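J.: Before I ask anything, here is the structure I am working with.
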Amino acid sequence: MLNDSIVNTISIFSALRRAFSLALMLTAGTLAAQDIHFSQFGNSPLNLSPGLAGVFGGDMRFVANYRQQWRATPVPYTTLSGAVENKVYWKPGRYDRFVTASLLLNYDKQGDLALQSLQLGVPISVTMPLNRTSYLTLGATPMFGQRSFDSDEVTFSEQYIDGMFDPSAAISENLAVTSLKYFDLSAGANLRMQAPQKRSRVDLGVAAHHINRPSHDFWASSVTDEDEVRLYHKWTVYGLGLFQISEKFDFLAQGLYQRQGGYSEIVYGAGIRMHLREQRYKELALQIGADWRHRYNNSLVPRVEVFYGSWTLGATFDWDAFSRAGELISNRRGGPELSLIFRFFKIKALPKFKSCPII
């Protein structure tokens, strides 16, 4: 009898977990958390804004991001993102005007129901100089997405009769659709200002995501178009600044504001970058800092980054230490996040010249 009680208790707990996952999934179309989200937003530039495509030193850039959060809850999130960018210059020998063609891949998996989101984007941007130290980049990202979940793992309270699970019991919910495909469109602009003789630079930008408001629900196919759940527009404003304060030290400051529907997010932070070695192609620098995030809960986000040559490795850990919601939802541990960036420099052709006036 005791064993039966334990089994029933475990079954009910498992059902509650799946019900919680299902509730989050079905309401995802109206939550700000529906989008790919990285605490290291500056290290996931194409997810931040299409206007950041091509805004880097070098000719190609490879970016990888990994995030895991909410492991203490029944609905852990795992997010992966990868991107590659390639600059195409307008004129040979002139490197301040170019088009950047990119490829962006995002993957997200959530909860017991294995709610999965796969996105493939093709960001493209144009960069033009405004003067010798300022550059304007305009970009857009057409994206194709798919969402799905495992219906075999879904259980409902109506299937538990007198504490026993009956998979054949009739249910009132209709989950006729377990997968959907959609097209999404985003656009953005970025202004890069940099000092000619120093490492100092500032990026200021805006972005509009989900311009076409794609459908994003799993309701039955009989639901009318007017009742479909659609993504809200998301507006993003950001600033990323690096200021050289001495030969060995730089000061970093950054800020982000995002709004989607009735939800908003504000992030701001600062840090110090220490240049440990300046040998060409083997430069080594260490950066430490922290961000403060206001969202549905307040989080402190310490971060560490290592720069070696053309490589950048970043690590953060969300700490929901100052929020009651953080204690209840995530046991004050938002989760770790890693980023890896590699910039590739192509060998430039030398300008044509005559070594002898007779030739």
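J.: Tally up the residues in the stretch 230-273 that are surrounded by 17 or more Cβ atoms within 10 Å (Cβ to Cβ) and modelled with pLDDT under 85, please.
T.: Total meeting the criteria: 1.
J.: Follow-up. Looking at the stretch 274-301, which of its residues are of a type in the set (Phe, Trp, Tyr) and open to solvent by 80 Å² or more (accessible area, probe 1.4 Å)?
T.: Matches in the stretch 274-301: TYR281, TYR296.
J.: Just need a number here: residues in the stretch 305-328 that are under 17 Å from the mean Cα position of the chain (by Cα), modelled with pLDDT of 95 or more and open to solvent by 80 Å² or more (accessible area, probe 1.4 Å).
T.: Here the count works out to 1.
J.: In addition: Would you mind telling me which numbered condition in (1) free of Cβ contacts under 8 Å to residues at least 24 places away in the same chain; (2) over 21 Å from the mean Cα position of the chain (by Cα) TYR257 fails?
T.: (2)
J.: Further question on the same structure: If I go through the stretch 278-300 residue by residue, how many of them are assigned to a strand (DSSP E or B) and out of contact with any Asp or Glu (no Cβ under 6 Å at 6 or more places or on another chain)?
T.: Going through the stretch 278-300 one residue at a time, the tally reaches 12.
The values are calculated or read from the model by the stated rules, or taken from the named source; none is laboratory data. Keep in mind it's a predicted model, so treat the numbers as computed, not measured. As a convention, Cβ positions derive from the backbone with ideal geometry for all residues, glycine included, and neighbour counts pool all protein chains shown. Just the protein is used for accessible areas: all its heavy atoms, side chains included, with ligands, DNA and RNA removed. Shrake-Rupley method; radii C 1.70, N 1.55, O 1.52, S 1.80 Å.
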